[in-house]
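Worksheet for the structure shown next.
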Amino acid sequence: MTLRSRIALIVALLVSLVAIATTGVQTLLSREAVLGQVRQGGNAIAESLARAAAFAAEVPTQVEEEMGRQMKTQATLVAQLVAIATDAGLQPTTITQQLKAIAESEGIEILASDSAGRAIIYTYTDDTDSLFVFSPDPNEQPQAHQFYQLLEGKAQSVIQDAQKRETDDKIFKYVGVGGIDKPRIVQVGMEASFLERLDQNLGMQRLLDELIGGEVRGITMLSSDFSPVVSRRVTRTGTVTAPLPLSASDRRLAEDCFRQKKACGRLASDGYHVAAPVTRADGSIAGAALVSISTDATYSLLWKQSLGGLLAAFCLGIPGILAAVWLGRSIARPVQLAVGVAEAIAAGDLTHDTPQATNDEVGRLLRAFAAMHVSLAGLIGRIQHAGNRLSTVESDTSDSLKRQEIAIRHFDDSTAEIAAAVSQISATSNELLQATGQVRDLAREAQHVADEGQGGLERMTDSMRQLDDAMHAFTRKLATISQRAAGITTVVTTIAKVAEHTNLLSLNATIEAEKAGEAGRGFRVVAQEIRRLADQTAIATKDIERMVGEMQGAVSSGTMEMDRFRNEVSGRVSAVAEISDNLGRVVQPVAAVSRSLEQVHEGMQAQSQGAGQIRDAMKSLQTAAGESSAATAMFYASLDELRASINELNTESGRFRLETPPA
């Protein structure tokens, strides 16, 4: 392999290794940073979903419980009215007519039975032929049989959950109490379809439908025994698919969040899975929210970063290889010319002209060869001339030998001094070459680090902008939840109106009792009790309104916190962009210094090689001087051998071809 090929190969390998190593490190660091952001965002989404789920699950239940308590109060009042009216001797039909007006104005149904469970007072129909009879058999009456225990004295009251009625599939809620004067069933019913609408607006199904989509690929609400309660799952295109069964890894993740009472996540092949506990108001854990977040965008970003790093390495490697080829050629070509001149001189051909030399170290070497060529040509000419003279004038041989000995001695001393100086120059050149190589490598490394830092800051800015967009979308979701919570105010207003009408009815009953005189005393007591209960209902309604206000305040506070965090992220994006611009202004001077050091290193390398070649040439001259000194000693030993040596000298000098005969 030639010198030029070796130089180009070594430089190309070094450039490729540095580019590959830099790209690998940059990719790993970017992966950790982006995945860390995915974990943080996923945990925040799961925790917020768990809190919203706990809130949405409790509101309909609390409203229905409060409605049940109010209906129980109404049923108790009706039972007292029925008992008083019965004691006063009023017929069931008369009592029914009086209660029907109240029931129609309040939108409720009233029913009272006798001791056998037959409905004798009812406001929901005028048909007297189809009287309803309560039965204890659950197969005959799956819903109404629960009220039969009021006749048996096994319960003081029965409050049923809102459900579809068996007769017409309307959603009703029924509450019953026992009779005051005798065993009987006193029942109050109210249409409760608004509870279903409330559950749809604030329930889990609606909440999951609002949050699913985008990067959120799957949401599953788990109960405390890890069974799925509600589940939603979509594909990459947003198509809703059938929920998958709970995997073993997701179950372990839910168990970890139950045990640690905080959000736990893991990275999987299909995305980032995170589970957050759903906490009740008393602090107990009701279940878990399991969220699956897609990492396709994250890995796409990492792939683009890796591809960009490889392209950058390729763009840096090609100029490096071309520079290596140019460097090898600029060094090897002058050296080849110098080798050709040296080989021609060694072959005895002194007729060729020395190539034109440049101004670098190799040019100095060629000029030294040219000077040596002229000197050697003159020396050979003189030797040939001296040989001719020695052949004709033997008497001058002794004097000529003495002069020759003196000249050779001086030449030997001079070559020794020159050789020592050249050795020192060669050693110094090698040390300078190593020093400039180290400085050049450090400059290259500084340039690569600066370029990588600027690219990393730009990618970090893009990631933080994406995070800002995600936080803005989440703020809109919180606003939607706040709007749904505002719907509770309508329910509270309805309850307040019921309490107000009840108060008015009690006032009317008091007036009627005053008109009745002594016979209406019992009605007056009942009316006062109704009024007191209506006041309590109004107070409870205000408490509910206050609690709803606190809930809306908590959601509004969460929205403000998310806005503040998004504003802070936006500020950080601006700061990172400014740092990237400042780093870009630093990269240009570093690149200029690196190019200057490359040129200095190339010059030092050429100088070191030239010094080594001069050192080798001086060693050859020292050897030649020693041989000349030995030949002179032999001439002094024997004049007979002088003639033979002169003939041999003439023969050897005749090998050299000169341009002009010696003067």
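Tabulated values for the structure
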| read-out | value |
| --- | --- |
| Residue satisfying condition, being crowded, with 20+ Cβ neighbours inside 10 Å, modelled with pLDDT under 85 and outside any strand (DSSP E or B), within set 222, 207, 150 | 207 |
| Any hit, the stretch 130-141, residues being in contact with a helix residue (DSSP H, G or I) (Cβ under 9 Å, 6 or more places away or on another chain), assigned to a loop (DSSP other than H, G, I, E, B), surrounded by fewer than 20 Cβ atoms within 10 Å (Cβ to Cβ) and in contact (Cβ under 8 Å) with a residue 40 or more places away in the chain | no |
| Hey, residue 112 in a helix (DSSP H, G or I), under 21 Å from residue 153 (Cα atoms) and in contact (Cβ under 8 Å) with a residue 60 or more places away in the chain or not | no |
| In the stretch 99-108, the residues that are surrounded by fewer than 19 Cβ atoms within 10 Å (Cβ to Cβ) and either among the charged types (D, E, K, R) or in a strand (DSSP E or B) (or both) | 100, 104, 106 |
| Residue 88 vs. criteria surrounded by fewer than 19 Cβ atoms within 10 Å (Cβ to Cβ) and in contact (Cβ under 8 Å) with a residue 60 or more places away in the chain | yes |
| Verdict on residue 121 being at pLDDT below 90, over 60 Å from the mean Cα position of the chain (by Cα), buried (at least 20 other Cβ atoms within 10 Å of the Cβ) and part of a strand (DSSP E or B) | yes |
| Matching residues in the stretch 153-164 - criterion: being within 14 Å of residue 188 (Cα to Cα) and either charged (D, E, K, R) or at pLDDT below 90 (or both) | 160, 161, 162 |
| Residue that is surrounded by the fewest Cβ atoms within 10 Å (Cβ to Cβ), among those in the stretch 164-179 that are among the charged types (D, E, K, R) and part of a strand (DSSP E or B) | 164 |
| Per-region count, the stretch 245-283, residues free of Cβ contacts under 8 Å to residues at least 24 places away in the same chain and of a type in the set (A, V, I, L, M, F, W, C) | 3 |
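The values are calculated or read from the model by the stated rules, or taken from the named source; none is laboratory data. Bear in mind the structure is a predicted one, so any value in this text is a computation, not a measurement. Virtual Cβ from ideal backbone geometry, glycine too; neighbours counted across all protein chains shown.
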